[in-house]
Amino acid sequence: IIFDLDGTAVPNKKDGMPSQSLIDLVQKIKDKIFVSAATGRRIFECRSILNSLQLTSPCIILGGTQILDPVSEKILWEKLMPIETVKKIITVAKVFDYKLYMSNEAKSSLAIEKIITGPENIIYIMDVNKNHTDVLLNKLSEIPDITAHPVPSYTPENFDIHITHKDATKKQALEILFDILKVNKEEVMGFGDGNNDLPIFEAVGYKVAMGNASPELKNIADFIAQSAKEDGLAKAVERLVI
């Protein structure tokens, strides 16, 4: 099984952590079933969650641009956007006054302040209002070798935009992960809540949308769980897996 973190395994807030029931369930099944996370977060932002779940199977981070061993934190696979593509993204972002994070930056800053030094796994445009989200996505769609997904922000009704190489969504990373684990698509159950989890749904055999998921995810789900606030992931695993 593979699940998103924010809005799925944890409530969609900065300090969200897994419930004890989810932690207990993961320990109960992880010796029999591969249990992995797929998140847009950087490793230093999700380390505490992965550690609390005691995951040992490879996990997908940085929006699908890296697969790593959660125990050793060794990178098993990654895909970067070339520096010329990064420059194009920053040029688009300069039109707006939203702050950005690059792959490994601890502090966000405006696009106009960014110093581009090399390739990047992912770029995050943070806390964008709905109207600007649509405009930014349209502008970014003109850059041919990237994909951009709006993700619910910690600010209600706003979005963060996650930008990666077009060949580094959660779908492509999952297909690489399946090869690493020697499993078939039909053997995999995926859980998600946002449109950046649509690539997960494209890659797995059984699709579970959270109660707080986007309409697009719910429309193609095989099962709709309760919301993350209601511990929906743990309850769905108990029902569908245990």
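The values are calculated or read from the model by the stated rules, or taken from the named source; none is laboratory data. Only a predicted model underlies this, so the values are computations on that prediction, with no experimental measurement involved. Counting neighbours? That spans all protein chains shown, and the Cβs are built from the backbone with ideal geometry, glycine included. Just the protein is used for accessible areas: all its heavy atoms, side chains included, with ligands, DNA and RNA removed. Shrake-Rupley method; radii C 1.70, N 1.55, O 1.52, S 1.80 Å.
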Any chance D24 is at pLDDT below 95 and more than 15 Å from the chain's Cα centre (by Cα) = no
query = For region 133-164, what are the residues that are touching a residue at least 24 places away in the same chain (Cβ under 8 Å), assigned to a strand (DSSP E or B) and either closer than 17 Å to T39 by Cβ or more than 19 Å from the chain's Cα centre (by Cα) (or both)?
reply = H149, P150, V151, P152, F159, D160, I161, H162, I163, T164
ask   = Got a number for residues in region 203-234 being open to solvent by 10 Å² or more (accessible area, probe 1.4 Å), in a helix (DSSP H, G or I), touching a residue at least 24 places away in the same chain (Cβ under 8 Å) and of a type outside the set (G, A, S)?
value = 1
request  = Could you list all residues from region 201-242 that are farther than 15 Å from K170 by Cβ and among the polar types (S, T, N, Q)?
outcome  = N212, N219, Q226, S227
request  = Go through region 155-173 and give me each residue that's exposed (fewer than 14 other Cβ atoms within 10 Å of the Cβ) and at negative phi.
outcome  = T155, P156
inquiry  = Condition first: among the charged types (D, E, K, R) and on the phi > 0 side of the Ramachandran plot. Can you find one or more residues in region 3-18 that meet it?
reply    = no
key: Filter result (at pLDDT 95 or above and not aliphatic (A, V, I, L, M)) within region 8-21   = T8, P18, S19, Q20, S21
note = Within region 1-56, of all residues that are open to solvent by less than 10 Å² (accessible area, probe 1.4 Å) and among the hydroxyl-bearing types (S, T, Y), the one nearest to H149 (Cα to Cα) is T39
query = If you scan region 120-145, which residues turn out to be under 11 Å from N158 (Cα atoms) and open to solvent by 70 Å² or more (accessible area, probe 1.4 Å)?
reply = K130, N131
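Given the residues I176, I200, which is the only one that is closer than 30 Å to P82 by Cβ, open to solvent by 50 Å² or more (accessible area, probe 1.4 Å) and part of a helix (DSSP H, G or I)?
The unique qualifying residue is I176.
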task = Of the conditions (1) closer than 16 Å to K171 by Cα; (2) open to solvent by 20 Å² or more (accessible area, probe 1.4 Å); (3) touching a strand residue (DSSP E or B) at 6+ places or on another chain (Cβ under 6 Å), L80 clears all except one; give me its number.
result = (3)
